[in-house]
Every structure is written in C-alpha cells, then in structure tokens.
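**Q** Below are the structure tokens for one structure; questions will follow.
The values are calculated or read from the model by the stated rules, or taken from the named source; none is laboratory data. Just so we're clear, the structure is a prediction, and the values are computed from it rather than from any experiment. FYI the Cβ positions are ideal-geometry reconstructions off the backbone, even for glycines, and counts take in every protein chain you see.
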Amino acid sequence: MISAKDFIDSKNKSITLLGMSGVGKTHLAKLIGEEGDWFHFSGDYRIGAAHLKEEIISNIANKMKSDSWLKTLLDNNSISINSQVTFDNLEPISAFLGKIGNPEEGGLPFDEFVRRQRLFCEAEKKAMYEVPSFIAKSQAKGFSHFINDAGGSLCELEDPALFKMLSDSTLVVYIKTTKENERVLIERAKTNPKPMYYNPVFFEGAMNTYLLENNLEYAAQINPDDFVGWVFPKLIEDRLVKYSDFASKYGCTIKSDDLHHCKSSNDVLSLISGALS
C-alpha cells in the first residue's frame, strides 16, 4: 500500500470510497473536489446512465403501457421516454430495483426481483471495471486526481479480481460508521424504505427468516416496505464485516465522525494520510 508521504506528494492521486450509502462518500467527494482538479466518478451514476439505462427506460415504458391512453401514444411514437439520472438524483435506479413482495402493495414477484438484482450486480461490476480507463480519460482532459464514489454494495460483488484491480489503480478508503450513524440509517430505512441490492446468499437467508417469523408461505405475501425496514439492520451488520475485511486487505480506514469535521480538501487529505500512517 502507498505510504502517507507518497500519497500526499503524488501528483496524480486516485481514490475509491467504500462504505454504506449515506455515510458521507459523496460529501467527501464534493469536498475534495472543490480544488477543481479532481474528476468525480460516480459508480451509481454510471450504472444508471449507461449500463442499466435501457432496462430502466423499458421498465418505465411497461408501467406507462398499463394506461391505454399512454400506451397508444407510446406505440405510435407520439411520446418518448428518457431516464434523467444525475449525481444527485438516482431515483430511476431505485425505481428499477424495486422491492420484493405483494404486487398490490407495490412489490415485485420473486423471479422478477431476483432478475433485477442480478442485472444491477452485473452493471455495478461493469462500472467498477471501467475505473482505470476513466482515470486515463480524466487525466487526458486535464484533471490531476480521480475519485471513485463507489456504491454501498461494492463489498457484495464477490469478485477478488475486481477488488485487486481497484486497489492497484486507486487507494481504497473505507469510511467507517459510528453507532449513531447506524442508528440514523436504520431509522431512515424504517421511515423511508428504499430499494437496494442484496448479496444473493444474504437475501435468500433473510427472506426465508422473514417468511418464517411472520407465518408467511411465499414472497408475494410480503409487505415490501416492512421487509426493507426489518432487513436493513441485518444488512448493516453483514456489510460492516465485509467492509472491514475489504479495507484490511486493500486499503485504509477513516471514521465518519472525523470526516464530518473536515472543512476543506486539505482536511480530507490530512485525514487520509493519517490513516495511512
């Protein structure tokens, strides 16, 4: 791993951010990018804008076709559909991922949910494998440094070759949560449950446990929002172990509380160099 001195002295820094969604990855990326010579690569944006764009648009079209009036306009090309994914608006990806459960309550059938999870996993891998080429492109455009704002599910991809490639081309920085961060994230999941990606083994075990605890026989009986609120604390617990293992093998760790005290890009760089020390 790179030394603290070499990191600070490097004329071309490249960083991959690792951690739960909502822990401060994008905040760090924006803070450090205030210098102006950092290229901000968002994994989630790349997924929505490129690798899942056609699937997202197709999903929206299928929803619209349930209305006969809109279906006619779509079929005769009177209207068109686009997906407006931005760094700050990833709702089209969430809408595509959906939630497992009762279709009458907005849930997806089991097979369709699993299919979309698989497509998201493939798209995330494609986006992460593009990092070295985007580093080269960003430098060609005049950016000195590069930051890979990876999704919270990076640790779920189970691709050692990908992890090694990221560690070879970037410094992996894990933003570790505090108990208070975790409590806030869990409360947010309960009050505003969002779709998310699950490791297939974790999901199967969690869903079977949920069915058993609630005396349900199959996935179509699941309340989608209730399942997300129930599973999220278990997901955090599972991911924290994976994040820690990832960071110990491939990078360094900073604390979210320390990050939130940073007021400038220099503060962030000092925090990272301190972790490398």
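**Q** Being surrounded by fewer than 22 Cβ atoms within 10 Å (Cβ to Cβ) and under 15 Å from the mean Cα position of the chain (by Cα) is the filter here, so list the residues in segment 164-188 that pass it.
**A** Leu185
**Q** Also, I was wondering about something else. Determine which single condition Thr209 fails, assuming it passes every other condition in (1) at pLDDT 95 or above; (2) in a helix (DSSP H, G or I); (3) within 23 Å of Ala123 (Cβ to Cβ); (4) of a type outside the set (A, V, I, L, M).
**A** Tallying (1) at pLDDT 95 or above; (2) in a helix (DSSP H, G or I); (3) within 23 Å of Ala123 (Cβ to Cβ); (4) of a type outside the set (A, V, I, L, M), Thr209 fails exactly one: (3).
**Q** Sticking with this structure for a sec: Assess whether Ala161 counts as being surrounded by fewer than 21 Cβ atoms within 10 Å (Cβ to Cβ) and under 19 Å from Ser248 (Cβ atoms). Show your work before the answer.
**A** Numbers: surrounded by fewer than 21 Cβ atoms within 10 Å (Cβ to Cβ): yes; under 19 Å from Ser248 (Cβ atoms): yes.
Criteria met by Ala161.
**Q** May I ask you to say which residue of Glu122, Glu180 is more than 30 Å from Leu31 (Cβ to Cβ), charged (D, E, K, R) and assigned to a helix (DSSP H, G or I)?
**A** Working: Glu180 fails: more than 30 Å from Leu31 (Cβ to Cβ).
Answer to the check: Glu122.
**Q** Go through segment 237-260 and give me each residue that's in contact (Cβ under 8 Å) with a residue 60 or more places away in the chain, among the hydrophobic types (A, V, I, L, M, F, W, C) and surrounded by fewer than 19 Cβ atoms within 10 Å (Cβ to Cβ).
**A** Leu240
**Q** Among the β-branched types (Val, Ile, Thr), in a helix (DSSP H, G or I) and modelled with pLDDT of 75 or more - does that describe any residue in segment 65-79?
**A** Of all residues in segment 65-79, those among the β-branched types (Val, Ile, Thr) come to 72, 79.
Among the residues that remain, those that are also in a helix (DSSP H, G or I) are: 72.
In the following step, the residues that additionally are modelled with pLDDT of 75 or more were identified as none.
Taking every residue of segment 65-79 in turn, none turns out to be among the β-branched types (Val, Ile, Thr), in a helix (DSSP H, G or I) and modelled with pLDDT of 75 or more.
**Q** Here are some conditions: (1) at pLDDT below 95; (2) surrounded by 18 or more Cβ atoms within 10 Å (Cβ to Cβ); (3) within 14 Å of Met20 (Cα to Cα). Lys194 meets all but one. Which one does it not meet?
**A** Against the list (1) at pLDDT below 95; (2) surrounded by 18 or more Cβ atoms within 10 Å (Cβ to Cβ); (3) within 14 Å of Met20 (Cα to Cα), Lys194 comes up short only on (2).
**Q** Could you identify the single residue in Ser14, Ser3, Ser42 that is modelled with pLDDT of 85 or more and either of a type in the set (Phe, Trp, Tyr) or surrounded by fewer than 18 Cβ atoms within 10 Å (Cβ to Cβ) (or both)? Give the derivation first.
**A** Numbers: Ser14 fails: either of a type in the set (Phe, Trp, Tyr) or surrounded by fewer than 18 Cβ atoms within 10 Å (Cβ to Cβ) (or both); Ser42 fails: either of a type in the set (Phe, Trp, Tyr) or surrounded by fewer than 18 Cβ atoms within 10 Å (Cβ to Cβ) (or both).
Just one listed residue meets the conditions, Ser3.
**Q** Mind listing whichever residues of segment 167-185 are of a type outside the set (Asp, Glu) and under 11 Å from Gly22 (Cα atoms)?
**A** Within segment 167-185, Ile175, Thr177, Asn181, Val184, Leu185 qualify.
**Q** Now for a separate question. Quickly run through segment 134-144 and pick out the residues that are closer than 16 Å to Leu166 by Cβ and surrounded by 15 or more Cβ atoms within 10 Å (Cβ to Cβ). Outline the logic, then answer.
**A** The first filter runs over segment 134-144 and keeps only residues closer than 16 Å to Leu166 by Cβ, leaving 134-136, 138.
If the condition is that a residue be closer than 16 Å to Leu166 by Cβ and surrounded by 15 or more Cβ atoms within 10 Å (Cβ to Cβ), then Phe134, Ile135, Ser138 are the ones that fit.
**Q** Still on this structure: Residues in segment 233-253: is at least one farther than 19 Å from Gly152 by Cβ and modelled with pLDDT under 95? Before the answer, list the steps.
**A** Step one: of segment 233-253, the residues farther than 19 Å from Gly152 by Cβ are none.
Looking through segment 233-253, none of the residues is farther than 19 Å from Gly152 by Cβ and modelled with pLDDT under 95.
**Q** Residue check, Phe146 against (1) assigned to a helix (DSSP H, G or I); (2) within 25 Å of Lys255 (Cβ to Cβ); (3) more than 15 Å from the chain's Cα centre (by Cα), all met but one. Which one?
**A** (1)
**Q** Let me ask something else about it. Of the numbered conditions (1) within 20 Å of Lys194 (Cα to Cα); (2) at pLDDT 90 or above, Val23 fails exactly one; give the number of that condition.
**A** (2)
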